[in-house]
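This report refers to the structure that appears directly beneath it.
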Amino acid sequence: MGILSGKIGLVMGVANDRSIAWAISEKLLSEGAELAFTHLPGPSSQRRVQNLVEQYKPKLVLPCDVQKDEDIAAVFDDIARSYGRLDLVLHSIAFAPPQELRNPYLQMSRAGWHLAMDISVYSLVAVCRAAAALMTDGGSIATISYYGGEKVFPGYNVMGVCKAALEHSVRYLAWDLGRQRIRVNAISAGPMRTLSAAGVPGFDQMREHAARKSPLGRNVEPADLANAGLYLLSDLSSGITGEVLHVDCGYNIVGL
Ligand code: NAD
């Protein structure tokens, strides 16, 4: 018996065992949650995610490109058919064209900007709307942000603009869904070496700097994010919504 026993969850954004979503998923599973997973459509993503999750025998491992309304609808239809309800959702998805991140933000193309915003920000709105219809007994939704949405990190560029929009979307979504007892929060995670992070120019310097400057004198570990994910997605955080929780070893409080 764990604190999530009997809870049904959906995790969107596991790419491999280094994904932030995977660290949080393993924690949720260890506390008794039953989870469904999505992966990017395509045989290699499917194989990678299936291999990773099969030890937990999930009922649903579904393809979903969040740019496609029909993919999102199909995921929530499947959850409705299999479980009839939903208690928690982890949205851990972002994308920006890597070639665009290598240029100054000033040079950002219209198409690249729309693509990054669509996948990294609008997807949360679409997912919250679909999830809310199944959260008949309240629920909790969490997404993953970065401090580059508050301050300028050269190279993070359009992703920083996306994270600013994501964090403010969290607040508006928390308002819209609050009376249905659905909470929406974000974790602002310190830098972690993942597939997505590999596309951010200067990422290793960001990590070194964060470890040097942060009060805890280290970078975040998967367990730090897993614990925070459990907190936000369970009743442990029952009175908290619209919040951006920094899980960054304190990096954001230091002014030098
Ligand atoms: P990751 O590459 O493991 O995860 C990113 C996920 O986004 C992948 O599973 C990928 O399949 C998914 N995705 C991309 N485009 C998609 C689409 N069109 N439809 C559906 N899914 C799509 O990397 P991660 O670092 O675990 O990233 C997860 C989240 O954490 C992202 O929002 C990222 O911005 C955020 N974040 C990461 C760090 C870090 O340092 N790694 C720090 C702060 C925040």
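Sub-8 Å Cβ pairs linking a first residue in segment 196-213 that is basic (Lys, Arg) to a second residue that is within 13 Å of the ligand (Cβ to nearest atom), at least 6 apart or interchain, are ARG207/PRO191; ARG207/ARG193; ARG207/ASN219; LYS213/TYR251, ordered by first then second residue. Is it true that GLY9 is under 21 Å from the mean Cα position of the chain (by Cα) and within 13 Å of the ligand (Cβ to nearest atom)? For GLY9, the condition - under 21 Å from the mean Cα position of the chain (by Cα) and within 13 Å of the ligand (Cβ to nearest atom) - is not met. Just one of the numbered conditions (1) modelled with pLDDT under 95; (2) among the aliphatic types (A, V, I, L, M); (3) over 18 Å from the mean Cα position of the chain (by Cα) is not true of VAL200: (3). Among the helices (runs of 4 or more DSSP H) confined to segment 148-256, the ones with at least 3 residues that are more than 27 Å from ASP17 (Cα to Cα) and out of contact with any Asp or Glu (no Cβ under 8 Å at 6 or more places or on another chain) are located at 157-177. Checked against (1) within 20 Å of the chain's Cα centre (by Cα); (2) within 14 Å of the ligand (Cβ to nearest atom), LEU60 passes all but condition (2). With respect to ALA36, determine if the residue is touching a residue at least 24 places away in the same chain (Cβ under 8 Å), surrounded by fewer than 17 Cβ atoms within 10 Å (Cβ to Cβ), more than 10 Å from the ligand (Cβ to nearest atom) and within 27 Å of GLY138 (Cβ to Cβ). So ALA36 fails the test. Among the residues of segment 156-198, those identified as within 11 Å of the ligand (Cβ to nearest atom) and surrounded by fewer than 18 Cβ atoms within 10 Å (Cβ to Cβ) are ARG193, LEU195, ALA197, ALA198.
The values are calculated or read from the model by the stated rules, or taken from the named source; none is laboratory data. All values derive from a computational prediction rather than experimental measurement. Reconstructed Cβ throughout: ideal geometry from the backbone, glycine too, with neighbour counts over all protein chains shown.
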